Amino acid sequence: MKKFLLTASAAALALAASAGYAAARDQIQIVGSSTVFPFTTAVAEKLGQSGKIKTPVVESTGTGGGMKLFCQGVGENTADFTNASRAIKDSELKTCKANGVTPVEIKVGFDGIVLANSKAGTVVDLTKEQIFKALAKNVAVDGKVVPNPYKNWSDVDASLPATKIEVLGPPPTSGTRDAFVELVMDAACQEEVKAANEKGCGEIREDGAFVEAGENDNLIVQKLEANPNAFGVFGFSFLDQNADKLQGHKVDGVEPTFENIASGDYGVSRSLFVYAKKEHVGVIPGMQEFIAEYTSEAAWGPDGYLADKGLIPLPDAERAKWAEDAKALKGMGS
Amino acid sequence: MTDAISSFGAVGRPVSIHTDDAAKARLKGRYRTETWFKWLGAAAVALAGLFLVLLLSTIVTQAIPALRQNYVTLPIDLSAAKVDPAKLDEVNYDAIAQEALTAKFPNVTSRQDKRLLRGLISTGTGVFLRKDIAADPGMLGGTVDYAVPLDDFADLYLKGLLADVGSDEAISTSVTPSQTSGDIDLTFGDDAMLALARGHGATEGENGMLTLTSGASSLLVAFNGGTVKLTALSPAANGTVIAKGTVIEALDSTAPAASGQAFLRVIETPEASRKISDKVIVWLDMLKSAGLIESRFNSIFFFTGASREPELAGVWGAVVGSFLTMIVTLAIAFPIGVSAAIYLEEFAPRNRLTTMIEVNINNLAAVPSIVFGLLGLAVFLNFFGMPRSAPVVGGMVLALMTLPIIIIASRASLRAVPPSIREAALGIGASKVQTVFHHVLPLAMPGIMTGTILGMAHALGETAPLLMIGMVAFIVDIPGGFTDPATILPVQIFMWADFPEAGFQQKTSAAILILLVFLVIMNAIAVILRRRFERRW
């Protein structure tokens, strides 16, 4: 028994000692947005399969969390890439610069935000104004700003079905929610509401008509299947993967299809980014290979494997430009 | 009984207190409550059992499809013209496998159809092929029959999870095609087809014309070695029916198929409501009827690392990660926990300080696990600069979490050793340390081990503390050491549950089953240890 205890303690000590010593990293580390996660992981896996480098480790921390880790500084203990479902903010860029980090921006594609319901439900054609009226916390009625009084879709507009307004969507911590607020709620904000309260446009009602369904989009899909009257808000890739169960609704008369989002006709789409740490190129092996793989036609082109995963490709000219800038490692603010 | 009571009677109580009617009623009431309680208890157990069965049966039924994977056997050309043995790493194995597949369908010519066809086999095919050739160079030099894993949708379809597919039924009338490929007309000998189409969601138009849109069930007619998908039907002269259709697989000839020679297959789920098109279904059925498809034990799932493709995703990386993490946890928590318990129980003086430590240990056992994760992030990662996503950090965080549990369990089992053992040892001249290590600790060990294993099982199922230290990451390579990036089983389950691809649903359940098996094994070891070594006093 004594022997066993001694061995065990020795093992523990040895472990503790070895932990302090970190070997030079030979594997890329990527953090950031959960929206870009499926695409970056696909690229990482492809690159790993090719045998050129060790498969990069991709962690889903959210855009904000990823930026924090990414801009922390230069060195083996910091991330090499970060995924972002929005462009880097000025404040984040400032932090990066202060810590000696030069980000290289790569716009990798678009993501459409769709409003969908179960195939058993009815298809509706919504305008952004109608969505705003249905979901805003405060709306203008007869020139006065009041708490949202609409209960049914038909209250918002007589042409819509007389079913209860019930929308399942992402929580405020989500990048999808930020984009939805920016692209729909802010864009279609009523003048009166804007004037009454600066925060008013982005505020979503909390009286039960909008249900925060958490970050797990699979859960939303299941709930929509169970309730044909409910609508869900999520990224296009979930609609694409669940096309057998869900149907997307037109917004401002445009259907949320791959082609419409790619051409920019569909109004509710955002750009997705990947940021590389210029200082790590040449230090951490594989940085350039990863950038080259991500920006290759086989990956992000219209027929690439990322399109199968639901990423909407950039227009040809824009792709060429971003690929060139990325390969030249054009750093931001330098 | 009565005698005893009457003796009480002597001190002035009425003798009849336990025998009168009121007493009998009370007794009856007591029995009634007892029966009630028994039944309520049984009902509670039954309810708990029911939920357990419900949970387990849902998981097991969902997991079963993931235990098998469908493969298609293709003749792969590995002759020197295709594969240069000197440059094995530069060969495009995917292209070779896809060529073998398209060769099976010479009629598929359009670019889009070819792409659809190539999508039937897994994108990992090239990787498997390269690995197998490296392991067995004897494969080179000729054409070998090689089993290629199918893509997730093809696999799910063959498992019956994507669409309601009927079986082939003979058509009891003649069928005459106008052409062998393209959009053709079919003439049916009687009008039975009309009623059938109406029953499967065809839309009625002018002149009794029925249109089968993508929202209706698919009607596939197979004859003359090909398959035609019906798009519209209209009644014609002499009670016959003329149907328009699209040829999916070309017919051999335009000869009329006699009654019973043509077969109808109805796919109930409309094409628009499923992720697999009629074409792909026909191709898969052709491969299946040619005997090229076989369902095998899914070794990919058990012995590979994570992947973004459901058919390539495996749990082995997570299992190894769990194992490494648990080793670190055990190596840290067990010696420290047991030493602390021995000191506190056997050597420490009883004073205010030790009482406070005791209370704090008990409280620590109840601290939410995410707090330990935050501590790990602040101390191990940010202050000591240890690697993210590494089992060594995960193990240390889990060890902190398990420590109080081990200390409490160890102290309880040390306390359970009778004082006479200690006194006897001291009595024959053993020192305090000898008493503890030679006599008390061996007797307490089964209890300590049980407590430790239960604590470890608890740690194995933890996800929350690992979120903070980067173990929620997509890691393909199997971790080779304590500082390699790794993930663990519960985290793998958490990630798979969030992936949009339908194929991951079964994988999630299967991974849950594996985790449950691990937990059952750990608990079983705890029970066996206790049974074998426990001494009763």
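Can you name every one of the helices (runs of 4 or more DSSP H) wholly within the stretch A:119-227 that holds 2 or more residues which are crowded, with 19+ Cβ neighbours inside 10 Å and away from chain B (no Cβ under 14 Å)? Explain how you work it out, then say what you get.
Working: elements: A:128-135, A:153-156, A:175-180, A:191-196, A:217-226.
Per the criteria, A:128-135, A:153-156, A:175-180.
With respect to residue B:399, determine if the residue is modelled with pLDDT of 95 or more and under 32 Å from the mean Cα position of the chain (by Cα).
On the way: modelled with pLDDT of 95 or more: yes; under 32 Å from the mean Cα position of the chain (by Cα): yes.
Considered against the rule, which asks whether it is modelled with pLDDT of 95 or more and under 32 Å from the mean Cα position of the chain (by Cα), residue B:399 comes out as yes.
Go through the stretch A:72-96 and report how many residues are at the interface with chain B (Cβ under 10 Å from one of its Cβ atoms) and crowded, with 17+ Cβ neighbours inside 10 Å. Outline the logic, then answer.
Going residue by residue through the stretch A:72-96, those that are at the interface with chain B (Cβ under 10 Å from one of its Cβ atoms) are A:72, A:75-79.
Filter once more, keeping what is crowded, with 17+ Cβ neighbours inside 10 Å: A:77-79.
Total satisfying the criteria: 3.
Based on what the data block shows, is residue A:233 more than 14 Å from chain B (Cβ to nearest Cβ) and either part of a helix (DSSP H, G or I) or hydroxyl-bearing (Ser, Thr, Tyr) (or both)?
So residue A:233 does not fit the description; no.
Would you pick out the residues in the stretch A:51-71 that are facing another protein chain (nearest Cβ under 9 Å) and either basic (Lys, Arg) or touching a residue at least 24 places away in the same chain (Cβ under 8 Å) (or both)? Working first, answer last.
Pass one, the stretch A:51-71, residues facing another protein chain (nearest Cβ under 9 Å): A:51, A:54-61, A:69.
Listed by number, the residues that qualify are A:54, A:55, A:56, A:57, A:58, A:59, A:60, A:61, A:69.
For the stretch B:312-367, which residues satisfy the criterion of being surrounded by fewer than 23 Cβ atoms within 10 Å (Cβ to Cβ) and not in a helix (DSSP H, G or I)?
Selection gives B:314, B:348, B:349, B:350, B:351, B:365, B:366, B:367.
Could you tell me which of the residues B:528, B:453, B:478 is more than 10 Å from chain A (Cβ to nearest Cβ), β-branched (Val, Ile, Thr), at negative phi and crowded, with 19+ Cβ neighbours inside 10 Å?
Values: B:528 fails: crowded, with 19+ Cβ neighbours inside 10 Å; B:478 fails: crowded, with 19+ Cβ neighbours inside 10 Å.
One residue alone meets the criteria, B:453.
Would you be able to tell me the number of residues in the stretch A:283-312 that are at pLDDT 90 or above, of a type outside the set (A, V, I, L, M) and not in a helix (DSSP H, G or I)?
Residues meeting the conditions: 4.
Search the stretch B:372-385 for residues being free of Cβ contacts under 8 Å to residues at least 40 places away in the same chain and of a type in the set (A, V, I, L, M, F, W, C), and hand back the single one that is surrounded by the fewest Cβ atoms within 10 Å (Cβ to Cβ). Quick ask: steps written out before the conclusion?
First, pick out the residues of the stretch B:372-385 that are free of Cβ contacts under 8 Å to residues at least 40 places away in the same chain: B:375, B:378-379, B:382-385.
Among the residues that remain, those that are also of a type in the set (A, V, I, L, M, F, W, C) are: B:375, B:378-379, B:383-384.
Values: B:375: 18, B:378: 11, B:379: 15, B:383: 9, B:384: 12.
Restricting to residues being free of Cβ contacts under 8 Å to residues at least 40 places away in the same chain and of a type in the set (A, V, I, L, M, F, W, C), the top hit is B:383.
Going by what's in this entry, would residue A:112 be described as farther than 28 Å from residue B:476 by Cα, more than 19 Å from the chain's Cα centre (by Cα) and in contact (Cβ under 8 Å) with a residue 60 or more places away in the chain? Steps first, please.
Values: farther than 28 Å from residue B:476 by Cα: yes; more than 19 Å from the chain's Cα centre (by Cα): no; in contact (Cβ under 8 Å) with a residue 60 or more places away in the chain: yes.
Answer is no for this residue.
So, of the residues in the stretch B:481-500 that are more than 9 Å from every other protein chain (Cβ to nearest Cβ), part of a loop (DSSP other than H, G, I, E, B) and in contact with a Ser or Thr (Cβ under 7 Å, 6 or more places away or on another chain), which turns out to be farthest from residue B:392 (Cα to Cα)?
Once the filter is applied, the top-ranked residue is B:488.
If you take the residues in the stretch A:53-71 that are over 21 Å from residue A:93 (Cα atoms) and hydrophobic (A, V, I, L, M, F, W, C), which one is farthest from the chain's Cα centre (by Cα)?
A:53
Of all residues in the stretch B:261-275, which are within 10 Å of chain A (Cβ to nearest Cβ) and either surrounded by fewer than 19 Cβ atoms within 10 Å (Cβ to Cβ) or on the phi > 0 side of the Ramachandran plot (or both)?
B:269, B:272, B:273
Please specify each residue of the stretch B:248-260 satisfying the condition of being surrounded by fewer than 19 Cβ atoms within 10 Å (Cβ to Cβ), touching a Ser or Thr at 6+ places or on another chain (Cβ under 8 Å) and not acidic (Asp, Glu).
Selection gives B:250, B:253, B:254, B:256, B:258, B:259, B:260.
Where residues in the stretch B:382-405 are of a type in the set (Val, Ile, Thr) and closer than 25 Å to residue A:78 by Cβ, which of them is nearest to the other protein chains (Cβ to nearest Cβ)?
Within the stretch B:382-405, the subset of a type in the set (Val, Ile, Thr) is B:392-393, B:397, B:402, B:405.
Keeping just the survivors that are closer than 25 Å to residue A:78 by Cβ gives B:392-393, B:397.
Working: B:392: 5, B:393: 7, B:397: 12 Å.
Across the stretch B:382-405, the extreme among qualifying residues is B:392.
Within the stretch A:249-264, does at least one residue satisfy the condition of being surrounded by 18 or more Cβ atoms within 10 Å (Cβ to Cβ), of a type in the set (Gly, Ala, Ser) and either within 14 Å of chain B (Cβ to nearest Cβ) or assigned to a loop (DSSP other than H, G, I, E, B) (or both)?
no
Of the conditions (1) within 30 Å of residue B:181 (Cα to Cα); (2) touching a Phe, Trp or Tyr at 6+ places or on another chain (Cβ under 8 Å), residue B:115 satisfies every one except a single condition; which number is it?
With (1) within 30 Å of residue B:181 (Cα to Cα); (2) touching a Phe, Trp or Tyr at 6+ places or on another chain (Cβ under 8 Å) applied to residue B:115, the lone miss is (2).
Taking residue B:519 as the residue in question, decide whether it is more than 14 Å from chain A (Cβ to nearest Cβ) and crowded, with 21+ Cβ neighbours inside 10 Å. Give the derivation first.
Values: more than 14 Å from chain A (Cβ to nearest Cβ): yes; crowded, with 21+ Cβ neighbours inside 10 Å: no.
Considered against the rule, which asks whether it is more than 14 Å from chain A (Cβ to nearest Cβ) and crowded, with 21+ Cβ neighbours inside 10 Å, residue B:519 comes out as no.
Please indicate, with yes or no, whether at least one residue in the stretch A:35-43 is under 23 Å from residue A:332 (Cβ atoms), among the polar types (S, T, N, Q), surrounded by 20 or more Cβ atoms within 10 Å (Cβ to Cβ) and touching a residue at least 12 places away in the same chain (Cβ under 8 Å).
Of the residues in the stretch A:35-43, the ones under 23 Å from residue A:332 (Cβ atoms) are A:35-37, A:39-40, A:43.
Those still in the list that are among the polar types (S, T, N, Q) too: A:35, A:40.
Keeping just the survivors that are surrounded by 20 or more Cβ atoms within 10 Å (Cβ to Cβ) gives A:35, A:40.
If we keep only those that are touching a residue at least 12 places away in the same chain (Cβ under 8 Å) as well, we get A:35, A:40.
Yes, the conditions are met somewhere in the stretch A:35-43.
In the stretch A:72-95, which residues are free of Cβ contacts under 8 Å to residues at least 40 places away in the same chain and not small (Gly, Ala, Ser)?
If the condition is that a residue be free of Cβ contacts under 8 Å to residues at least 40 places away in the same chain and not small (Gly, Ala, Ser), then A:72, A:89, A:90, A:92, A:94, A:95 are the ones that fit.
Residue B:252 fails exactly one of the following numbered conditions: (1) part of a loop (DSSP other than H, G, I, E, B); (2) more than 13 Å from every other protein chain (Cβ to nearest Cβ); (3) over 30 Å from residue B:178 (Cβ atoms); (4) charged (D, E, K, R). What is the number of that condition?
(3)
If a residue must be within 14 Å of another protein chain (Cβ to nearest Cβ), more than 21 Å from residue A:48 (Cβ to Cβ), touching a residue at least 24 places away in the same chain (Cβ under 8 Å) and in contact with a Ser or Thr (Cβ under 9 Å, 6 or more places away or on another chain), how many such residues does the stretch B:99-133 contain?
The total comes to 1.
Criterion first (among the β-branched types (Val, Ile, Thr), in contact with a Cys (Cβ under 9 Å, 6 or more places away or on another chain) and in a helix (DSSP H, G or I)) does residue A:95 satisfy it? If you could, list the steps in order and put the result at the bottom.
Details: among the β-branched types (Val, Ile, Thr): yes; in contact with a Cys (Cβ under 9 Å, 6 or more places away or on another chain): yes; in a helix (DSSP H, G or I): yes.
The answer is yes for residue A:95.
Answer yes or no: is there a residue in the stretch B:501-516 that is of a type in the set (Ser, Thr, Tyr), in a helix (DSSP H, G or I) and closer than 30 Å to residue A:246 by Cβ.
Initial filter on the stretch B:501-516 (of a type in the set (Ser, Thr, Tyr)): B:508-509.
Add one more test, that the residue is in a helix (DSSP H, G or I), and what stays is B:508-509.
So of that shortlist, the ones also closer than 30 Å to residue A:246 by Cβ come out as B:508-509.
Yes, some residue in the stretch B:501-516 is of a type in the set (Ser, Thr, Tyr), in a helix (DSSP H, G or I) and closer than 30 Å to residue A:246 by Cβ.
The values are calculated or read from the model by the stated rules, or taken from the named source; none is laboratory data. From a predicted model like this one, the values you see are computed outputs, not experimental measurements. Note that we place each Cβ from the backbone using ideal geometry, even for glycine, and neighbour counts take in every protein chain shown.
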